[in-house]
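S.K.: Have a look at the structure that comes next, please.
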Amino acid sequence: MSREFLLPDLGEGLTEAEIVAWLVAPGDTIVIDQAVVEVESAKSIVELPSPYGGVVASLFGEPGQVIHAGQVLLTVADASIGAGDVVGVPAVAATGAPSEGSGAVLVGYGTTESTRPARPGAAGRFGSAGTPNVPSPGAADAPPSTEAPASASPVILDPARRSPVVSPIVRRLARDNGFDASMLAGSGDAGSGRTALVLRSDVEGYIRAQTASSAPASDVAMPLAHSAPTARNEVSADIRIPISGLRKAVSQRLSTSRREIPEATIWLDVDATALFAARDQLLHATGERFSVTTLIARFAVAGLRQFPVLNSSVDTASQEILQHGAVNLGIAAQTSRGLMVPVIHGAHAMSTRQLRDSLTELVAQSPDGTFAPSALTGGTFTLNNFGSLGVDGSAAIINHPEAAILGIGRMIERPWVVDHELAVRTVVELSMVFDHRVCDGGTAAGFLTFVARCIESPVSLLADL
């Protein structure tokens, strides 16, 4: 008897996902709630646990393939061996029968208490705790296993090998370079008795080894081909890049924003010298660091309480402006997966310290874009610090269905007039894009000048607290 594991409802109205990597292979024995496949939806990358235990009979789909809710992911057959012969697998799980207390992990399927085997902690996603996931000196020169023959590259692929690969970034790096990371011998600590994890350094070591092995041939060939065009003049082939996963969701949202919202943009240069002084005073008074972005986020939240209509969305069906009671502050973040806008929910009720801590958590997750789906929904206003990209300003696209977005440019020293005299000051350009259906320019300008006044004189915020 075999059972079909269908792609479940991923929540938030998501109906499709892209297969990133299989975590099992046909013939593997699995237990209930064991992670079997990693998929990327428009919201996040998640591992899907199987609701059945037994032997994997077949897999449906290849990495990179898009599948839809209700399609078969894999089939699981009853184990052909006794449950007592499967090391570490409870008898009831090995036969695939639901046991009491096994785990409801996604909408629409699963059990109640997880029997999923122990996996490395959160630190394992980026390397084991205390061991940064960075290449060590000479790591690429040392063979990862004794399987490599003396004449082969120091690092080899073994199609029969199934090394565990935890990080989606590692899998993607390998896939972009034409191989499966699980075929490498890992060097990461996966715990006692477990196969070593494949780390980013292992993948990069293999890529370096392949590059080095092909370099001598190209060095010999080039002098003989005097008439060949130089690398500078060569034209590479066209590449088609699928718009899928996160990129597809972002494209749809931005297109909807441009199509539906009659936006207008205003901007203002602001003297931020006093803001940096206030940051230093906070450090001296509390012993804690507060970033400039945190302080401007604090000002923006206060400004939305003064001009609440900007904390709105437009209900096109009922032709109403929905003014939100809570301020859920979105923070535009550039990640390895692309532009994402994680949300600080309930920012209006937070102290500056709480806002800083929430922002710090988002920043820690930004490099890999490993945000939970719930962290990417419900925003009511967005803050975009594109100054970190080295630009002064931008006419940003509003994060639909919100009504406005505040942009922060880079902060640099410029000549500035102070008390009728020329001085060198730290200046930042603020830009404000707003939905003209929600308000007129006077309201948007009032918000922008309020934030500017707080930046130029942070103590002035005290009058509004």
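S.K.: Regarding region 308-465, what's the average projected area of the Cα-atom convex hull, expressed in nm²?
M.R.: The orientation-averaged projected area of the Cα hull of region 308-465 comes to 11.0 nm².
S.K.: Given just the C-alpha atoms of region 373-465, how large is their convex hull per residue in cubic angstrom?
M.R.: So the per-residue hull volume is 145 Å³.
Here, each number is a calculation from the coordinates, and none is a lab measurement. Nothing here was measured: the structure is a model prediction, and the numbers come from that model.
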